[in-house]
1. Looking at (1) within 16 Å of the ligand (Cβ to nearest atom); (2) buried (at least 21 other Cβ atoms within 10 Å of the Cβ), find the lone condition where MET220 falls short.
2. Say we look at segment 166-182 and pick out the residues that are charged (D, E, K, R) and surrounded by fewer than 20 Cβ atoms within 10 Å (Cβ to Cβ); which of these is modelled with the lowest pLDDT?
3. Checking TRP39 against (1) more than 20 Å from GLN190 (Cβ to Cβ); (2) touching a His at 6+ places or on another chain (Cβ under 9 Å), which test does it fail?
4. Could you tell me which residue of segment 203-231 is modelled with the lowest pLDDT, considering only residues that are touching a Leu at 6+ places or on another chain (Cβ under 8 Å) and under 30 Å from TRP271 (Cα atoms)?
5. I'm told ASP262 meets every condition in (1) touching a Lys or Arg at 6+ places or on another chain (Cβ under 7 Å); (2) within 13 Å of the ligand (Cβ to nearest atom); (3) over 16 Å from LEU248 (Cβ atoms); (4) not aliphatic (A, V, I, L, M) except one. Can you identify the failing condition by its number?
6. Restricted to segment 230-242, and to residues that are surrounded by 16 or more Cβ atoms within 10 Å (Cβ to Cβ) and under 19 Å from ALA382 (Cα atoms), which residue is farthest from the ligand (Cβ to nearest atom)?
7. Run down GLU341, GLU284, GLU331, GLU308 and say which single residue is more than 15 Å from the ligand (Cβ to nearest atom), surrounded by 14 or more Cβ atoms within 10 Å (Cβ to Cβ) and within 14 Å of GLY234 (Cβ to Cβ).
8. Residues in segment 145-165 that are buried (at least 18 other Cβ atoms within 10 Å of the Cβ) and either over 19 Å from MET120 (Cα atoms) or touching a Leu at 6+ places or on another chain (Cβ under 9 Å) (or both): how many?
Amino acid sequence: MQILDNNIAIILAAGSGTRANLNLPKQFEILGDKPILNWSIDAFLKSKKFKKIIVVLPQNHDENLWTNSYADKIEIVFGGKERNDSVSNALNNYSEANFEHIFIHDAARPGIDIDYLNLMIENFSNDIDGIIPVLNCNDAMWLVKDELLFDNIDRVNLKRAQTPQAFKFKKYLNARKNSLLNNNIFDDAQISVNYGLKVKYMEGNQKLDKITFKSDFQKMDNILMSETLVSRNGIGFDAHKFCEGKELILCGVKIPYEFGLDGHSDADVAWHALVDAILGAIGEGDIGQAFPPSEAKWKGAPSSVFLEYARDKVNEKNALIENIDLSIICEAPKIGPYREELRISTAKLLRINTNNVNIKATTTEKMGFTGRKEGIAAMASATILMKRGKNVF
Ligand code: MG
């Protein structure tokens with residue numbers, strides 16, 4: 001089915017959020033790197049399926065509490081006494097509008113994303129008037145009375161509703177009008193069902209759960225942050241001069257050549273540059289800090305020790321090496337024939353896919369120390385994916 005973009009969204013953020021016992025109304029608390037409210041606005045905006053996005057805010061909110069960098073892309077209205085009043089305020093100017101669907105969403109559910117919004121729109125068909133995400137009730141459900149268990153409820157037919165709740169716009173407006181006329185004020189799903197709309201449920205998502213209490217905030221922070229990776233880049237450079245009587249090692253591979261490289265360790269110039277690139281990306285200083293040349297124990301050490309150290313640091317931070325790019329700069333020997341071997345060796349040690357490692361070779365056109373065949377230089381770049389910095393209590 002073609003995904004239409006003639007839709008309207010109402011993001012309800014007018015609550016005072018007192019149950020969460022936070023310093024601010026919960027929709028303004030910072031989750032990850034932005035206020036909870038901004039998570040929902042971003043999802044609706046990025047989906048590009050909404051012609052109109054209305055955000056309903058508390059009348060007396062402090063404008064510094066959230067990031068309104070959306071200029072004219074969203075419309076702001078103020079909330080009413082109850083949720084239903086807020087929806088009415090949002091729809092005030094649109095009673096004659098001609099949108100395809102209306103999505104009504106609680107800002108306290110920051111886990112909404114583009115994929116889910118698209119899925120909801122795709123799930124509409126001619127004979128369905130509304131769609132609501134639900135989850136099964138996995139716990140035993142009881143009616144209680146006078147502080148005692150009263151009656152067990154069969155949970156098989158019970159679902160707990162989440163948002164966004166989506167409806168065909170015209171049909172929803174009609175149901176809503178009738179509901180208001182009869183002074184039957186319910187939530188959007190109830191209005192729709194009571195006035196004969198066919199509302200389908202679809203499998204919800206833990207991410208769509210509402211933040212009500214402080215513990216919910218921590219739970220949602222874990223869920224959303226585990227998905228939110230940021231990319232960090234680091235660079236490294238190293239040079240070693242040729243010497244006699246040593247094997248030439250590049251990326252852990254022995255390269256047949258008349259000289260080796262001079263240095264405290266095995267002087268694997270390529271991996272040294274790479275270690276610095278990786279440590280740089282994760283903010284862990286440099287190879288000299290971790291393995292001071294003054295320490296006798298690193299004499300003659302294979303550079304795999306240093307690269308393993310950097311790799312393990314990345315793992316400790318629960319980060320991922322996304323890709324490595326390494327340039328080896330020398331007049332001789334020729335690196336080209338060993339390129340694949342160096343690539344495989346590096347990928348194997350870092351435990352990443354060979355496709356994510358690139359090895360380049362170049363010369364300096366006979367200029368400078370590499371041009372005079374005095375040694376080899378190497379430059380490396382590493383891209384690391386890390387969890388976004390947590391901003392919790
Ligand atoms: Mg070095």
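1. Unmet condition: (1).
2. Ranking the candidates gives LYS177 first.
3. For TRP39, the exception is condition (2).
4. Filtering first and then ranking leaves LEU229.
5. That leaves (3) as the condition not met.
6. It comes out as ARG232.
7. Just a single option satisfies the conditions, and that option is GLU284.
8. Final tally of qualifying residues: 3.
The values are calculated or read from the model by the stated rules, or taken from the named source; none is laboratory data. Please read these numbers as outputs of a predicted model, since none were measured by experiment. Please note: Cβ atoms are built from the backbone with ideal geometry, for glycine as well, and neighbour counts cover all protein chains shown.
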